[in-house]
Amino acid sequence: VPVGRVFSGIQPTGVPHLGNFLGALQSWVALQGQYDSVLYSIVDLHSITQPQDPRLLRQNVLDMAASLLACGIDPERSILFQQSQVSEHAELSWILGCLTSMPRLRHLPQWKMKSKQKNEGSVGLYTYPVLQAADILLYKSTHVPVGEDQVQHLELAQDLARIFNKQFGEFFPEPRALLSSTRKVKSLRDPSSKMSKSDPQNLATISLTDSPDDIVFKIRRAVTDFTSEVTFDPEGRPGVSNLVSVHAAVSGQTVEGVVRQARGLDTGQYKQVVAEAVVQRLEPLRREILRLRADRGYLESLLVHGARRARALASPVLIEVRRLVGF
Ligand code: ADP
Ligand code: NA
């Protein structure tokens, strides 16, 4: 087992969608056992950077915990915890925020995308990437699984580690990205954009708790084009290519393999094949999520246990940071 500590976080958006699963959670599961410690955080401090409803937030944290377990995160092999339950995140974020400048944050993607939609944003949204840096550095993490959209945020964490070390003495390792190799899952209604929780079109996104009928219905209505053959050409034919790559990902086959099998099918017939493959992969997860979701007491005790383990790692780091800073 290579020496190293993996950290990653996901916002409590409730039950994840197929894009979250194929793009992030599957690799989170695979990383367990590949490094000597692995931490996964449900980052609720990040969620309150935008308007939110307390009851929904509480439910979404539990739904995300149930989903992570159902996907295969093992709470003994990983430390699975709720960010707000380890207050060291917020304290380190404050200290790191004092080591960076407003212009350094202005061009980062979270602010650029989300503040524009409303033409304004909270201070928390602006410093969101500083909190992300604190999440990572608090555990002296060495490896961070991220999507391409998060690379600039990880670069800020690397800068902050360097700045801190230069000012206060060598302390934080510089965290490295583990880039997801899977192709982004596209919206079923608009294959030029990614499948996303925030997509207003409810036929565009497949949730891990969608029933087999929902999945068949949505895939049957997925936007393709006027060519009936099944080919893989993400630029020229984004719709059908998205179905091909989803099919490959859920069935653990290569893109070439699934295209070869689809020879002779038109896209309508092929949608049925893809829908069946997706149902087969997600059905056990769906059942497990529903089972776990009904056991609120278990989920809550699991998060208490995870927070205790996370704090045991975070606390000595923060004690040392405070001493180095001069507190
Ligand atoms: P959303 O866009 O639905 O709000 P997030 O930004 O919270 O999703 O993403 C959580 C994780 O899931 C990130 O690691 C991100 O890279 C991954 N992810 C999100 N959407 C997709 C997608 N459509 N395809 C692949 N990975 C995705
Ligand atoms: Na997002």
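What to note about this one:
- Exposure proxy ranking, count of Cβ atoms within 10 Å, fewest first, for TYR128, TYR35: TYR35, TYR128
- As a length-normalised measure over Cα pairs under 8 Å and 6 or more apart, the relative contact order of the range 212-291 settles at 37 percent.
- Exposure proxy order (Cβ contacts within 10 Å, fewest to most) of MET64, MET113: MET113, MET64
- Note on the chain: lysine pairs with Cα distance below 25 Å, sequence gap of 8 or more or different chains, count 29.
- Inter-label distance, nm, simple model (7 Å from Cα along the C-beta direction), ASP53/SER181: 4.2
- By the count of other C-beta atoms within 10 Å, a proxy for reagent exposure, LYS184, LYS271 are ordered fewest to most as LYS184, LYS271.
- Projected label points at GLN269 and SER192, each 7 Å from Cα along the beta carbon direction, are separated by 3.2 nanometres.
- Calculation over all alpha carbon pairs of the chain in 10 angstrom steps from 0 returns a P(r) of 6, 24, 32, 24, 11, 3, 0, 0 percent.
- When the chain is treated as a Gaussian network with alpha carbon springs shorter than 10 Å, the biggest mean-square fluctuation among ARG183, ARG293, ARG55 belongs to ARG55.
Bear in mind that the values in this text are calculations on the coordinates, not laboratory data. Just so it is clear, the structure is predicted and the values come from calculations on it, not from any experiment. A quick note on method: Cβ atoms are made from the backbone with ideal geometry, for glycine too, and the neighbour counts reach across all protein chains shown.
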